[in-house]
Structures are given as structure tokens and as C-alpha cells.
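A short write-up of the structure that comes next.
The values are calculated or read from the model by the stated rules, or taken from the named source; none is laboratory data. Only a predicted model underlies this, so the values are computations on that prediction, with no experimental measurement involved. Here the Cβ positions follow ideal geometry from the backbone for every residue, glycine too, while neighbour counts run over all protein chains shown.
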Amino acid sequence: MMHNEIEANLARIDRRRALQAVGGGLGSMAFGSLLAREESSKPTIHHDARAKRVIYLFQSGGPSQVDLFDYKPALKKHHGTDIFAHVEKSGRLTGFTNKHKIHPVIDTQFAFRQHGECGSWTSELLPHMSRIADDVCTIRSISTKPVNHDPALTFMHTGHNLPGRPSMGSWLSYGLGSMNRNLPDFVVLVSRGDLGNMQPLNARLWGNGFLPGRYQGVRFRSGNEPVLYLKDPAGKSLKEKRRILDTINQLNQEELERTGNPEIETRISQYELAFRMQSSIPEMADLSDEPQSTFKLYGEDARQPGTYAFNCLMARRLAERDVRFIQLYHSGWDHHFHLPTHLPKRCRETDQATAALITDLKERGLLDDTIVIWGGEFGRTTFSQSGQVSQSYGRDHHANCFTKIVAGGGFKSGLCHGETDEFSYRAVRDEVTVHDLHATILHQLGIDHERLTFLFQGRHYRLTDIQGQVVNDLLT
């Protein structure tokens, strides 16, 4: 019925009436677009902000804190003994290990040393990150609630373990608005390749949930064409493309006024953004203006689209162009078995580029107002996954305590925050929950986490749900 009605209306429009409608309509649409852009660009600022953008280097699968950052000499002393002879069991075990009669402590095979003036303990697997110990804030007492990947990933991104809520990037896009009209507010980059032990990365991790569709993350593809269908067919001029788009937008605008469907508003804004990206994306993705020193800093992998190093370099270029939230995903950290073989591979893929990104931002004066986060959805146990003592050990999921690295944006550089017990089983000092971390990040962006809300189905929702405290000890 609706389709026939639209066809009938179009049939009644002759050439003169169409030209009159287009001429008058485009003027009002342009004015309305300007007003809408002005309103959407007004940020929700509750206090002075220290940062204006976030780069989240997400290591999917759960990096082992006791093999990378949380040095525990007691593991050597108690190697092979049941961990629950030393600590009281708390929290959930996964189905992989709750059936075992004993849970033997496994010492790390990797050497630790203290680095920087702060004296932060870091594994030999991260030589580049070790050198920037004084530039980052190391939080060793992060805790979460879910102990399995999918709910833990969802919880870390949205503040809730069930799907359907907006991701952090969407909340920031909604609350703070755009800083760059020619690029999305929220960009996602995913490492490609044979990473092994990969957990599925669902698009809802960067989804808008119940927020309007324009706030969802935009995933860029690997390669020289990050966004599909931006190139016009041969023989089509930019002026001609603009004329076609104006006509499409007019029809969409009439449909919006008739139905009030907010998804049509999203469609109009996405058409406009795609038009602007036709020039901005090729320029952003073109690395020909990068000097050789860039690839010496990030590593030669930064020349290969889709690698973690390439994506880190893209993150810096996006940050320079004032993209609000940049999310990188690197999978393969789920080391239930053969951790001594697989963990070094993940570190080699990420160590140099992570340190390079933080160093590069600092040298360009961008680290002061950019928050960089490194970490996964949870940590790993200090006991054996298999219930046996083995040189080729694995570690199970662990939600009670793990490590995240945060740099820039007013977080204290060189700070080692929080402490776990001698078996890295639970936080014993200055625990930081996921909601606390989210509240603190929002605070640095000028947002009171209790006031950034959205009314949905009769309730005001927020990223931190009904919890979360700003951790002032992490901040300068």
C-alpha cells in the first residue's frame, strides 16, 4: 500500500513542480541540516575536561597478567601445589576447571624486571612497552563480573553483561558530539590474519544499542579501501553526485516528516557523511606522506593493511583528525593451552606498535588530550588449565583481578595502582571495577557518569548502570 501511494504521488509531479519543490526544499533542508549539525555538535560537558578523545587497544581473549605485568615470586615457591590450599576460593570457575580435583599453581616461564623511575615490573615479552613505563598508568587491580568471553566482552564494552546496550564509543558520540564533520565519530579497526584462539567479535560490541543509529561505530576494512562504495562510477562528476544526493535526501526528508521514523534521520545523516568521506577517507588512508621514521617507530608491519601496527598508525592519523573514539581489536589472547608458545606471538604483534602509538602521540602533543587504553575482557588464572603441571601450560579465565594500561588524558604517568595477593587471585588494595574505570574515563572527558543518561522503555540508562565511582587516585 505504501509503495503504491509513493508511486502515485511521484506520478503527479511534473517537471515544473519538481524543480520548484527541489529549489525550495533544498534551501530549507540545508538550513535544517545546519541547525541539526549545530545542535548535535554541542557536547554534554558537566565540568572541565582533560581529554577529548579515546583510543582503546582491545586485546580480545584475556591477556595473562601474571605472565606480562603482575610479577608474583610466590608462584615459583608454590609451583605445582593446589592454589586453594593457599587462598580462599571466591568468584566463579569456568566449566573448563571447576571439575578438577586440584588446581596446581604454575610459575611463569618469562623473566620480569623493573623499568623506569616508577620501577614498574614488566615481562621480557614486552621490551618496547617496558621502555615507556614512566609514560603510562598501570592498573593491576581491575576486576569484572562475568567469567566467560561473550558476557565479559559485552560487559567491558557496554557496562552490562547482556546484549542490547550502547557501547562506550556510542555513549561518547551521543554525549560529546562530533569534532570532525568529514569522518565518523566512532571508528573500529580489527586486526586480520591467523591469530589463533580467536573469540568472535560481534558488531554489537561497537553497536549503538537503544541510542539512535547514527551513534554506532563504523568499522573500517583492511586495505586501501577502508569504506566500500565511496568511489563514484566512471564519468560521474561530484556535482552530479551532489544533485542526485539532494534529490534522495528530499524524498527521505518528506518520508521523515510523514512517519517520524528516527531511522530515516539516521539514513539522511549517513548519506551526507558518506558524501564527505569520499574525499576524507582516501586522504586519511594514504600513507605516502609518512616519513621513514614512522615505520622505524611502528615497525615494518605498519606498511601492511590489516596488521595491528597498521591499525595503530591509522589510530594516530584518525586522532589527528579529531575522531572521538577509536577502537582497535586484536584477537588471539585466549591461552587455555600452550601459553608459552602462543603468548610471545601476540606480544611480538602488538608490543612495538602499542609503545610507538603512545610515544608518537606524546611527541605530537596529542597524548595530553587523548586517553589510550590497553587490555582485555579479563585476566588468566595462576593455576593450570588442565589440572596438570606442564611445561606447555595454559591458564583459564580469571575475573577477580587483572591488569589494564592507561596513558594520557590526565591519568598519572608512571603510576602503578592497586595490588593483588601473592597468587594474583584477588585484588587486596585499591580494586577498580569495570564501572569505576568507565566512570573515571567519562570524568576525564568532562562527563559526570551519573548524568549522561538516555530514556528507554521508561528507565534512564547509563554506561555505568547503577554503580561506578571516579578513581581520583589515578588522576593528576
Every residue in the range 141-166 that is of a type outside the set (A, V, I, L, M), in contact with a strand residue (DSSP E or B) (Cβ under 8 Å, 6 or more places away or on another chain) and more than 15 Å from residue 373 (Cβ to Cβ), please. 141, 143, 148, 149, 165, 166
Which of the residues belonging to the range 200-212 are at pLDDT 95 or above, in contact with a Lys or Arg (Cβ under 9 Å, 6 or more places away or on another chain) and under 22 Å from residue 310 (Cβ atoms)? 206
Of the residues 166, 200, which is within 18 Å of the chain's Cα centre (by Cα), outside any helix (DSSP H, G or I) and closer than 25 Å to residue 47 by Cα? 166
Name, by its number, the condition in (1) among the acidic types (Asp, Glu); (2) more than 29 Å from residue 53 (Cα to Cα); (3) in contact with a strand residue (DSSP E or B) (Cβ under 7 Å, 6 or more places away or on another chain) that does not hold for residue 473. (2)
Would you kindly identify the strands (runs of 3 or more DSSP E) lying entirely within the range 360-404 that contain at least 1 residues that are modelled with pLDDT of 95 or more, of a type in the set (Val, Ile, Thr) and in contact with a helix residue (DSSP H, G or I) (Cβ under 9 Å, 6 or more places away or on another chain)? 370-375, 379-384
Cβ pairs under 6 Å, 6+ apart or interchain, first in the range 131-151 and under 14 Å from residue 427 (Cβ atoms) and among the charged types (D, E, K, R), second at pLDDT 95 or above and not in a strand (DSSP E or B), ordered by first then second residue, are 140/70; 140/418
Looking at residue 112 and the list (1) closer than 26 Å to residue 327 by Cβ; (2) at pLDDT 95 or above, which single condition is not satisfied? (1)
Working carefully through the options 82, 70, 48, find the one that is at pLDDT 55 or above, of a type in the set (D, E, K, R) and within 30 Å of residue 185 (Cα to Cα). 48
Residue hits (the range 404-418; over 14 Å from residue 119 (Cα atoms) and among the aliphatic types (A, V, I, L, M)) are 405, 406, 407
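Listed here are the residues, each with its yes/no results for (1) under 30 Å from residue 309 (Cα atoms); (2) touching a residue at least 60 places away in the same chain (Cβ under 8 Å); (3) among the aliphatic types (A, V, I, L, M).
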| position | (1), (2), (3) |
| --- | --- |
| 177 | yes, yes, no |
| 185 | yes, yes, no |
| 198 | yes, yes, yes |
| 214 | yes, no, no |
| 223 | yes, yes, no |
| 244 | no, no, yes |
| 248 | no, no, yes |
| 266 | no, no, no |
| 272 | no, yes, no |
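May I ask you to verify whether residue 76 is surrounded by 15 or more Cβ atoms within 10 Å (Cβ to Cβ) and outside any strand (DSSP E or B)?
Numbers: surrounded by 15 or more Cβ atoms within 10 Å (Cβ to Cβ): no; outside any strand (DSSP E or B): yes.
No: the conditions fail for residue 76.
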Looking at (1) charged (D, E, K, R); (2) closer than 25 Å to residue 272 by Cβ; (3) buried (at least 23 other Cβ atoms within 10 Å of the Cβ), which is the only condition residue 165 fails? (2)
Can you find a residue that is hydroxyl-bearing (Ser, Thr, Tyr), assigned to a strand (DSSP E or B) and within 20 Å of residue 147 (Cβ to Cβ) anywhere in the range 457-471? no
Quick check on residue 463: is it among the aliphatic types (A, V, I, L, M), out of contact with any strand residue (DSSP E or B) (no Cβ under 9 Å at 6 or more places or on another chain), modelled with pLDDT of 95 or more and over 21 Å from residue 374 (Cα atoms)? no
Please determine, by comparing only the residues of the range 429-441 that are without any contact (Cβ under 8 Å) to a residue 40 or more places away in the chain and out of contact with any Ser or Thr (no Cβ under 6 Å at 6 or more places or on another chain), which one is surrounded by the fewest Cβ atoms within 10 Å (Cβ to Cβ). 436
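Each row is one residue, and each column tells you yes or no for (1) among the acidic types (Asp, Glu); (2) surrounded by fewer than 17 Cβ atoms within 10 Å (Cβ to Cβ); (3) in a strand (DSSP E or B); (4) on the phi > 0 side of the Ramachandran plot.
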residue	(1), (2), (3), (4)
184	no, no, no, no
235	no, yes, no, yes
240	yes, yes, no, no
251	no, yes, no, no
